[in-house]
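Here is the structure we will look at, set down as structure tokens.
The values are calculated or read from the model by the stated rules, or taken from the named source; none is laboratory data. Note that the structure is a prediction, hence the values are computed from the model and not measured. Note that each Cβ is placed from the backbone with ideal geometry, even for glycine, and that neighbours are counted across all protein chains shown.
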Amino acid sequence: MADDKDVLRDVWFGRIPACFTLSPEETTEREAEPYYLLLPRVSYLTLVTDKVKKHFLRVMKAEDSTEMWFEYEGTPLKWHYPIGVLFDLHASNTALPWNVTVHFKNFPEHDLLHCTSNSVIEAHFMSCIKEADALKHKGQVINDMQKKDHKQLWMGLQNDKFDQFWAMNRKLMEYPTDEGGFRYIPFRMYQTMGERPFIQKLFRPVSPEGHTLTLGDLLKELFPAAICAEEHSCDLVATLPRPGTGSQTAGRNSDQAQRVEYGASIDEPKRFQVMIHGIEPLLETPIQWLSEHLSHPDNFLHISIIPAPSD
Amino acid sequence: MPSSLLWAVDVYGRVYSLSTAGQQWEHCRDAHLEFKRVTAVQQCCWSIACDHNIYLYVHASEVPIRYQEETYENQRWNPVDGFSDRLLPSDRWQWSDITGLKHQPLGDFQLPSENWEWEADWYIDENFGGEPTEKGGWTYAIDFPATYTKDKKWNSCVRRRRWIRYRRYKAQDTWVKIPSEQTESLPDPFNDITCGGWEITEEPRGCLALWAVSLQGKVWFRCDINHHNPEGSVWEEVPVPGEVVQISCGPGDLVWAVLWEGHLLVREGVGRDCLKGSSWVTVESPSPGVGVVHVAVGVNVVWAVTKDHKVWFRRGVNSHNPCGSGWIGMVGEMVMINVGLSDQVWAIGFEDRAVYFRQGVTASELSGKAWKVVSVPRDSERSHSSASASSLQSAGCFFGGEVRLQSQASMLSDADAETERAGGEVVPTPEIGDAPKPRIPKVTSDSFISELVSDREGQISRRDVPPAGPSIPEEDHPEKELEDRASPAQVLSPSQSGGVDPQWSNVDLEEAQTHLTSGPGGDAAETSSLSSVATYNLALEEPYGLDEPPKWAWVSGGGCLVECHTQLNWFNSSTSTALNSSMQAMSLSITPAQTAAWRKQIFEQLSERSKREMENFMHYEQAIEQSVWVKKGTMQWWRDWKPHKWVDVQFALEQFSGVEGNKDGILFIYYTFNDEKKYLHMFINEVTILVPVLNDSKHTFAIYTAERTKQRWPMRLAAATELEMHDWLALLSVSCCDSRGIQGPPSKQAIWSVTCKGDIFVSEPTKELEASPYPTPCAQMFWRQVGGHLRIIESNSLGVVWGIGYDHTAWVHTGGYGGGFFQGLASSTDNIYTQTDVKSVYIYENQRWNPVTGYTNRGLPTDRYMWSNASGLKECTKNNTKPPSPNWTWVSDWTIDYAVPGGTDREGWQYAADFPASYHGNKTLKDFVRRRRWARKCKLTTTGPWQEVPPIPLSDITILPCGPKSTVEQVSLWAISNKGDILCRLGVTSLTPGGSSWLHVGTDQPFKSISIGAVHQVWAIAKDGSAFYRGSVSAQNPAGDCWYHIPSPTGQKLKQVSVGRTSVYTVDENGNLWYRHGVTPSYPQGSSWEHISNNVRKVSVGPLDQVWVIADKVQGSHSLSCGTVCRRLGVLPMEPKGHSWDYGIGGGWDHITVRGNAMEAPRIVMPSLTDNQTATRPLQTSNQPEMNGNPVGC
């Protein structure tokens, strides 16, 4: 029988094959070959692309070697989202490998944060963990840890050391048995296009009546559109026409769908996919279990809500 | 932990029980009576019913209560008739007891009460001291009384034989009336009852003390209650210096009673020889002027309630000082209080009559922390309400004849309730302006005369006002209930509402109401004038509201085991949510979370995702290069060379990924020698086992490799703290498993072993392990630890694994791994449970006799310590003896142990001529020294993939060994209870390894070891050391039909047996290993024993007839080890005895089972050889193949 521990391994060792191509806007001394890499889903783009940078810098003039940034089909990729989230959000249901365009010029100051060194990523990662623990245990667990323990978490992620990371991270995943879960579930819910980058709210894993809350319950509260469509037509083939493939159009599509939702009829086809780590868990999956097993190393459950493919 | 029951009586006299695992009060359906008092212990519950008779409820057990009656038939030889029943006039009776002094023919044996039945007729016992006798069972002697032998000699003039017959207690899971034997003119019915004393002595088994108080204030003690006589024999009056109103008796020797005046009596002199105690001592009430009305005692606590409902805790109570030292006032107002197991406290609140549980009671904080109300619904509020009506109606009928009527009534009204429910709406009754509130009966403490009087006045005066009929609370239909409350005249009477018409008319109800007020009201008055008891009064205060929780009158936790880690679902739950969550809990337990659809979906999708996203891209470069990870720490290391000592070292584990992605590592120990820095290293993939060695001074562990196993010299390391040690052990263990590619739960074929510390290890066998002729040496086996604590473990190849703890608790493997200090990754999460174990630590008190002072603790200078361990070499006093390791905590005080082999005198002493010698229980002239054993219990709490199999404690277990591809539906599992009963587990399959229930297999004597072979051959060893074979056991007839007595090897008492595919091996008490010769399918008992080896402690024969033992005194190159795992080499189907030993891990090992390993070795086939040649092949031929997979004849 498969064990829950295997889920942790599968999550950690999830890889996305990516093909990095240099943007044609960049001026090169000679033609740049695309660079192929297996990216860890749970890591951060800027943390794992040293090789990419080295590769392209060889063909570039030294003075152009400014900060590297990435873009997929026109969307700048936010390095501070885990790679898996970026992929699920922008590129799921597309052909692999993932074609990422590499830029050095014209840093999109409005869309992206600067990432000058790994310490910036570390600071971001640790602040996420602290925020998550604040939600889960009022921050007691992370504050009880020593500096070297924090380092172990970070080094585990940076060096892709599952055991090293989890030897420490399991402490962050503990909770008093009589409470049935964490205080609040640290989660972030992403849509391709919304006013806000993501939704984040206080959400408990157990209802006041003592019921275990599920992914469905979370969606019901935060994004009913996703759940209504799914409930009614989980096995119907999505028939909504999909006007384009760009993220812009997909975004419009979801807005439109959201409007329609409030008057949704039973025959409404499935319009959204609720993705975590590239899979669609059933709505009855307990949210506490998801938080324990499908959270990213930053201890957040990153949920991507994307328009269902219309094939 | 098995669930246990809290018992309670509500104000209507209805008995309920609440399981520690449950979430609702279960009505004791069997009781057609109303009860006043209950007092529960784990195996039974005593009570006083409203008919003032005493009732007993014995919980059904899968092992029946059976008692062996025996009598002897005596005969004398004379030249004319030969042996005949014509005896000399000076001889004993022809039918007598064992001494010959008592005449007891077969016909004189009567059943002690109607609750017993005979199991079968008389039969002759053919077993004589472990030896089978000739047919007829006669034993011979020269004359009476003399030494009997089983052989008839030329001078045998007399003979005798033993007849036995079993009787069985049949009244289980039902209330049986204990006949009252009062002959006095004035009835003096019982008024209070308390049961306890089970910790005082273990002999006779199940011995209980039952105390009762009569209305006249007399105290009675029930004699001879024990396992074989659950009802006891007679009541004996215990004189008291006053009128007692209430009494309480704890699990140990505490007995306290409340006097009418409000003072307390404490019984002194209660002990092993005198359960009744000898005298009373008075203790004053805690607050002057306010008497005590209720007292409750436990092992080391006394709680009391005074007249003003205040709760008091008595300080400093223990068995040496039963009176304690002083009172402490506690918070809360209670009417009664009860102390249960492990001194847990329950009470009934004064204001709300709710059951309260005292939270936070621990051995170190006996007074607990706070009262917590037990708020769970009753199993059927509906039936409760209807029955409450009938109990109201009968509230005043205390005596005799009403019982039948009441039961009828309650049944009737139950039925009514149903009809009424079906009927729906009730005709609304007109409102009455000044609507008197419905009443509930109020229970008063019987001693509380003043309150009683006022209550009675209230009751009488009530008749003048418009009578207030009690309404039927309708918890299911709130609106209806409101109507009911508004109509005082609505009374449900069995006689009136028994009709089919569910609609009630006012006329009927009014009639019913008159009936009620005139009948029982009068009775009640009469009763209370007759005696000072008023169990139920219809009191004026306390309206019974709709949403009010049940009102309780009495609670008894004497059978309810609550420990600090027990999860109780009793609190803070309203009716609906409690039910909901209990439903939830149930659905979770029925469909384990693993099988939930969502989980399956996630597993499937994840593997799909990995396939989709990675399968075709594995040639891509990894973004992160693998690197080395190092963990460092400081430790102490037991230096390998002399002088051996602990030296400080730096310890480091370097982990790296091997070429194929598998992880490996190297351990480094950096030490300084002669100011020179040096290091040792050890490859992780060479480590065979990590053994924690906790003792009270150091947190150490041992690391073995195959080489070090041969040397009997592990690398020993000590961490600074226990936590650090566990961190390292868990990490090293994961590293070792990673390097060998082992993860997840143990396989079904796994070989399990247990150390003398109770640690559990498991090894994954390879095909080569049992290869012939060159098996993998067992020193190379890799063992990993599994959480938990066991003494014995048994398995089979279908993955059924059971264990037995030191406290004889049975555990079944949940299929998980880890637990204990393995947390996080090295442990499964879902099937890890709390496991506890209890064992005794023994020390000896030694004394020497001298002519002046007799026995004193002044020994000779050459003598052993006056307080020592068993060998006498180590000083062990009561104060300096610590629990075996920090994991263990004391849970009892030092007590004298009377159950010592060889017997003791009344004070526990054993005598001998000198130290060390063989000890005996009675003092003779030649004895100059004596010793006695003291025992103290300690307890360990850990976690592991084990689930308890309640309720019967076991001492041995065996599981049917199966072939690797065997598809047995029902797995035969036999066990021996700790009392020696043989049991057969039903419903064991690979999916339900725990099985469903026990089937008791009757035997004439207690057993200690059992084993079942692959074709259902069941062998067992009795406690007297004789072997038995069970005939006709098969998959269809799992219990077989009869026992065949097999003579033991000459002069040896057998200890343990193991049966493989065909081989039968036994171990005797002197450490000899015996093989049974001549076992064939037609003659499965075999013909003779053949000696194989000595120094063997235990044997395990596997499904391939492989023979593994735990051996003592195995010499390694550096050291000698006891308790070593050894495997018999050269065991082949035609050579089941093998030829030599292969030595594996040790020492300190206690148990091994290879019965799961049915992995056949790969065979080298040499076609030139025929079967015949194989059969005649000499021993130890090296390259000859094994042709015949099946053993001959099977």
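Values computed for the structure shown
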quantity: Condition met for residue B:301 (surrounded by 22 or more Cβ atoms within 10 Å (Cβ to Cβ) and either in contact (Cβ under 8 Å) with a residue 12 or more places away in the chain or among the basic types (Lys, Arg) (or both)); calculated: yes
quantity: Boolean, residue A:152 is crowded, with 17+ Cβ neighbours inside 10 Å, among the polar types (S, T, N, Q) and at pLDDT 85 or above; calculated: yes
quantity: Qualifying positions in region B:1108-1131 - in a strand (DSSP E or B) and modelled with pLDDT of 85 or more; calculated: B:1108, B:1109, B:1110, B:1111, B:1124, B:1125, B:1126, B:1127, B:1128, B:1129
quantity: Those residues of region B:827-864 which are in contact (Cβ under 8 Å) with a residue 40 or more places away in the chain and either within 14 Å of chain A (Cβ to nearest Cβ) or at positive phi (or both), in sequence order; calculated: B:827, B:828, B:830, B:831, B:832, B:833, B:834
quantity: Filter pass, residue B:138 being modelled with pLDDT of 85 or more, closer than 29 Å to residue B:1047 by Cβ and touching a helix residue (DSSP H, G or I) at 6+ places or on another chain (Cβ under 9 Å); calculated: no
quantity: Residue within region A:265-277 that is modelled with pLDDT of 85 or more, in contact with a Leu (Cβ under 7 Å, 6 or more places away or on another chain) and either more than 14 Å from chain B (Cβ to nearest Cβ) or under 30 Å from residue A:152 (Cα atoms) (or both) present; calculated: yes
quantity: Complete set of residues in region A:158-187 that are in a helix (DSSP H, G or I), at the interface with chain B (Cβ under 10 Å from one of its Cβ atoms) and either of a type in the set (Ser, Thr, Tyr) or farther than 18 Å from residue B:731 by Cα (or both); calculated: A:158, A:177, A:178
quantity: Leading residue by the ranking (farthest from residue B:815 (Cα to Cα)) among those in region B:748-771 that are among the small types (Gly, Ala, Ser) and at pLDDT 90 or above; calculated: B:758
quantity: Hits in region B:896-910 (condition: hydroxyl-bearing (Ser, Thr, Tyr) and either in contact with a strand residue (DSSP E or B) (Cβ under 6 Å, 6 or more places away or on another chain) or assigned to a strand (DSSP E or B) (or both)); calculated: B:904
quantity: Residue in region B:923-938 that is among the polar types (S, T, N, Q) and farther than 23 Å from residue B:804 by Cβ present; calculated: yes
quantity: Test: residue B:674 is at the interface with chain A (Cβ under 9 Å from one of its Cβ atoms) and over 45 Å from the mean Cα position of the chain (by Cα); calculated: no
quantity: Which listed residue, of B:225, B:200, is assigned to a loop (DSSP other than H, G, I, E, B), buried (at least 21 other Cβ atoms within 10 Å of the Cβ) and not basic (Lys, Arg); calculated: B:200
quantity: Selected residue [touching a Gly at 6+ places or on another chain (Cβ under 6 Å), within 13 Å of chain A (Cβ to nearest Cβ) and either under 18 Å from residue A:159 (Cα atoms) or of a type outside the set (D, E, K, R) (or both)] from B:606, B:653; calculated: B:653
quantity: Residue match in region B:615-628 (condition: within 13 Å of chain A (Cβ to nearest Cβ), in contact (Cβ under 8 Å) with a residue 24 or more places away in the chain and exposed (fewer than 13 other Cβ atoms within 10 Å of the Cβ)); calculated: yes
quantity: Filter result for residue B:785 (at negative phi, away from every other protein chain (no Cβ under 14 Å) and in a loop (DSSP other than H, G, I, E, B)); calculated: no
quantity: Region B:736-745: number of residues that are in a loop (DSSP other than H, G, I, E, B) and under 18 Å from residue B:687 (Cβ atoms); calculated: 4
quantity: Residue satisfying condition, being of a type in the set (Ser, Thr, Tyr) and either part of a helix (DSSP H, G or I) or within 24 Å of residue B:636 (Cα to Cα) (or both), within set B:772, B:733; calculated: B:733
quantity: Meets criteria (among the small types (Gly, Ala, Ser) and modelled with pLDDT of 90 or more) for residue A:167; calculated: no
quantity: Index of the failed condition, residue A:135 passing every other in (1) buried (at least 20 other Cβ atoms within 10 Å of the Cβ); (2) of a type outside the set (Val, Ile, Thr); (3) touching a strand residue (DSSP E or B) at 6+ places or on another chain (Cβ under 8 Å); calculated: (3)
quantity: Residue satisfying all of: in region B:86-128; of a type in the set (S, T, N, Q) and under 14 Å from residue B:74 (Cα atoms); modelled with the lowest pLDDT among these; calculated: B:90
quantity: Long-range neighbours under 6 Å by Cβ, at least six apart or interchain, first residue in a strand (DSSP E or B) within region B:270-284, second buried (at least 17 other Cβ atoms within 10 Å of the Cβ) and of a type in the set (Val, Ile, Thr); calculated: B:281/B:266; B:283/B:266
quantity: Residue in region A:170-187 that is buried (at least 21 other Cβ atoms within 10 Å of the Cβ), within 27 Å of residue A:92 (Cβ to Cβ), in contact with an Asp or Glu (Cβ under 8 Å, 6 or more places away or on another chain) and not polar (S, T, N, Q) present; calculated: yes
quantity: Residue B:955, sole failed condition from (1) part of a strand (DSSP E or B); (2) touching a Phe, Trp or Tyr at 6+ places or on another chain (Cβ under 8 Å); calculated: (2)
quantity: Filter pass, residue B:776 being away from every other protein chain (no Cβ under 14 Å), surrounded by fewer than 20 Cβ atoms within 10 Å (Cβ to Cβ) and without any contact (Cβ under 8 Å) to a residue 12 or more places away in the chain; calculated: yes
quantity: Identity of the residue in region B:183-235, without any contact (Cβ under 8 Å) to a residue 24 or more places away in the chain and within 25 Å of residue B:897 (Cβ to Cβ), that ends up nearest to the chain's Cα centre (by Cα); calculated: B:226
quantity: Residue ID - farthest from the other protein chains (Cβ to nearest Cβ), chosen from residues in region B:705-730 that are part of a helix (DSSP H, G or I) and small (Gly, Ala, Ser); calculated: B:706
